[in-house]
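Everything on this sheet refers to the single structure shown next.
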Amino acid sequence: MSEVTKIFPSDTRALAEVSALLEQEGIRLDRNLDYISAIRDDDYHIIATGSMFHNTLRCFAVDHRHRGEGLLNTIVSHLMEQQLLRGNLEVFLYTKPASARFFHDLGFYEIARVEGRLVFMENQPQGFSRCLQRFQDETAAFLKDKKQTLDDSSRTAAIVMNANPFTLGHRSLIERASRENDLVHLFLVSEDASLFPFAVRQKLVMAGIEEFPNVCLHASGPYIISNATFPSYFLPDDDTASIGHAELDLTLFGKIAAALGIHRRYVGEEPFSQVTDCYNQVMREKLPALGIECCVVPRLAVNGRAVSASDVRQCIKDGDWEHLQTLVPPATYDWLKSGDAAAVRRRIAATPDVRHH
C-alpha cells in the first residue's frame, strides 16, 4: 500500500472508482485533467487520489477509513515530482478553505481566497509579488519609451482579454479606453488553452494597438485566471462555479490594480455567453467595492450583430472569408490568410464546436 500509480484514460473501471471516491467528498471529476494518480489498498481498491492539469494540482480525496495514514502527503509528493519532470517550478492548486492549512504545511502559500468557496495557492512564496513587480517594471519601461509621466490626477485603466483572435470588437474597446484615459494596461491571457496560441494572439494584438500610444501590453501570467484553468469540480453547479471564478479572479485583480494605480476596468457587453455575462455582473458588484470603476461598453456591431471572436472562428471553419473580413483588422485578416496560419486553420477545421474555444 501507499504506492502511487497513474490512472490511464482507457482504464474506465479505475476512473469510475476515482469519480466515486471524489463524490464522497462532494467533488466532481474535473473535465480538465491531464494526469490522474491513485493509491490502492491490499484488495486493489482505490483509497486516495489526486490529479493535475498543466501546472495545477486538483481533485484530491482520501477514503475516510484511511485518514491519518499520510496518503494525501504521498499523493502530493508524487504529483510534485511529475511537475518537476514537466519542468514546472511554479505549481498552483485550488482547494476548499478548510483544507488550506493542510496544504500550507506541505509548502503551499495562499494567494487569494473567496470566503466559503475556495482558496488559490502556489508553491512559491514570492510568486505573486514577482509578477506584480514585472507589471510595474514593464509599465515603467513603457512610460520611459513613450516619454510619458503620470501623477495622482492621471486616469489609469485596464482591459483583460483573450483575443482568440483579435477582432474589430477588441480594437473598438481598446480605442474607447485609450481615448478616455491617460494609460491603459492591456492584460492578454497568456495561458495556451485556446485555438490560437499565445504567441500568435500576442502578435496580432501588438499589431492592432500600434496606433494607440498609451496602451501598455502585459502577458497576464498565472494570476489572471482563464476559464480553462479554473476548477469547478468542488462547486455544486455551473452557476456557482462561474460566480466563484469571477470572485477569485477579481480578488486577484484588485491586488494588481492597487500595485499599478488602476482605477477603471473596461469590458465589452456579452450578448452571447451566459458565463461571461455572469462574470460581468459580478464585476459590476465587486469592482466598485475595490475602488475600481467598472465600464461596460456596448459591443461593436456589424450588420446588426455584435462582433465576437467566436464568429471569426466559425467563419474560418466555414471558409466564409468575405464575412470574416468585416470582423477583423487588416493585420488579423492578412495573418489568417497566410501560410503561417495553416496549422491554426487545420485545428479549427478539425474542432467540432469552435464557438466555445
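Taking the stated definitions as given, is PRO330 at pLDDT 95 or above and open to solvent by 40 Å² or more (accessible area, probe 1.4 Å)?
On the way: at pLDDT 95 or above: yes; open to solvent by 40 Å² or more (accessible area, probe 1.4 Å): yes.
Criteria met by PRO330.
Select from the stretch 29-46 the residues that are under 21 Å from PHE92 (Cα atoms) and part of a loop (DSSP other than H, G, I, E, B) and list them in ascending order. I'd like the intermediate steps shown before the answer.
Of the residues in the stretch 29-46, the ones under 21 Å from PHE92 (Cα atoms) are 29-38.
Those that are under 21 Å from PHE92 (Cα atoms) and part of a loop (DSSP other than H, G, I, E, B): LEU29, ASP30, ARG31, ASN32, LEU33, ASP34.
Look at the stretch 178-197 and say how many of its residues are within 22 Å of ALA309 (Cα to Cα), in contact with a strand residue (DSSP E or B) (Cβ under 9 Å, 6 or more places away or on another chain) and surrounded by fewer than 19 Cβ atoms within 10 Å (Cβ to Cβ). Let's see the steps before the verdict.
At the first step, the residues of the stretch 178-197 found to be within 22 Å of ALA309 (Cα to Cα) are 178, 184-197.
Next cut, in contact with a strand residue (DSSP E or B) (Cβ under 9 Å, 6 or more places away or on another chain) only: 178, 184-190.
Pick out the ones that are also surrounded by fewer than 19 Cβ atoms within 10 Å (Cβ to Cβ) and you get 190.
Of the residues in that region, 1 qualify.
Which of the residues spanning the stretch 1-28 are in contact with a helix residue (DSSP H, G or I) (Cβ under 8 Å, 6 or more places away or on another chain), within 18 Å of HIS64 (Cα to Cα) and part of a loop (DSSP other than H, G, I, E, B)?
The answer is SER2, ARG28.
Scan the helices (runs of 4 or more DSSP H) fully inside the stretch 194-304 and keep the ones with 2 or more residues being under 24 Å from ASP30 (Cα atoms) and modelled with pLDDT of 75 or more. I'd like the intermediate steps shown before the answer.
On the way: elements: 198-208, 238-260, 274-289.
Where helices (runs of 4 or more DSSP H) fall fully within the stretch 194-304 and carry at least 2 residues being under 24 Å from ASP30 (Cα atoms) and modelled with pLDDT of 75 or more, they are 238-260, 274-289.
Taking ALA157, is it under 17 Å from LEU217 (Cα atoms), within 23 Å of the chain's Cα centre (by Cα) and among the small types (Gly, Ala, Ser)?
On the way: under 17 Å from LEU217 (Cα atoms): yes; within 23 Å of the chain's Cα centre (by Cα): yes; among the small types (Gly, Ala, Ser): yes.
Yes; evaluated as a whole, the condition is true for this residue.
Checking ALA309 against (1) under 23 Å from ARG171 (Cα atoms); (2) of a type in the set (A, V, I, L, M, F, W, C); (3) open to solvent by less than 30 Å² (accessible area, probe 1.4 Å); (4) at pLDDT 95 or above: exactly one of these is not met. Which one?
Failed condition: (4).
Scanning the stretch 155-175 for residues that are open to solvent by 20 Å² or more (accessible area, probe 1.4 Å) and not in a helix (DSSP H, G or I), which turns out modelled with the lowest pLDDT? Let's see the steps before the verdict.
Taking the stretch 155-175 first, the residues open to solvent by 20 Å² or more (accessible area, probe 1.4 Å) are 155, 160, 162, 168, 170-173, 175.
When the remaining residues are screened for being not in a helix (DSSP H, G or I), the result is 155, 160, 162.
Details: ARG155: 97, VAL160: 94, ASN162: 91.
Within the stretch 155-175, the match that is modelled with the lowest pLDDT is ASN162.
Restricting to the stretch 178-193, and then to whatever is in a loop (DSSP other than H, G, I, E, B) and not polar (S, T, N, Q), can you tell me which residue is modelled with the highest pLDDT?
Here is the first cut: in the stretch 178-193, the ones in a loop (DSSP other than H, G, I, E, B) are 181-182, 189-193.
Subsequent filtering for residues that are not polar (S, T, N, Q) retains 182, 189, 191-193.
On the way: ASP182: 97, VAL189: 91, GLU191: 83, ASP192: 78, ALA193: 75.
That would be ASP182.
Go through the residues of the stretch 47-67 one by one and say whether even a single one is part of a loop (DSSP other than H, G, I, E, B) and without any contact (Cβ under 8 Å) to a residue 40 or more places away in the chain. First the steps, then the outcome.
Kept after step one, since they are part of a loop (DSSP other than H, G, I, E, B), are these residues of the stretch 47-67: 54-55, 63, 67.
Checking which are without any contact (Cβ under 8 Å) to a residue 40 or more places away in the chain leaves us with 67.
Looking through the stretch 47-67, at least one residue is part of a loop (DSSP other than H, G, I, E, B) and without any contact (Cβ under 8 Å) to a residue 40 or more places away in the chain.
Would you check if there is a residue in the stretch 49-70 being surrounded by fewer than 21 Cβ atoms within 10 Å (Cβ to Cβ) and of a type in the set (Ser, Thr, Tyr)? So that I can check it myself, show each step before the final result.
Initially, the stretch 49-70 is screened for residues surrounded by fewer than 21 Cβ atoms within 10 Å (Cβ to Cβ), giving 53-55, 63-70.
Filter once more, keeping what is of a type in the set (Ser, Thr, Tyr): none.
No, every residue in the stretch 49-70 fails to be surrounded by fewer than 21 Cβ atoms within 10 Å (Cβ to Cβ) and of a type in the set (Ser, Thr, Tyr).
The values are calculated or read from the model by the stated rules, or taken from the named source; none is laboratory data. Because the structure is predicted, anything quoted here is derived from the model rather than measured. Quick reminder, even Gly has a Cβ in these numbers, built from the backbone with ideal geometry, and neighbours come from all protein chains shown. Side chains included, ligands, DNA and RNA excluded: accessible areas come from the protein's heavy atoms. Shrake-Rupley method; radii C 1.70, N 1.55, O 1.52, S 1.80 Å.
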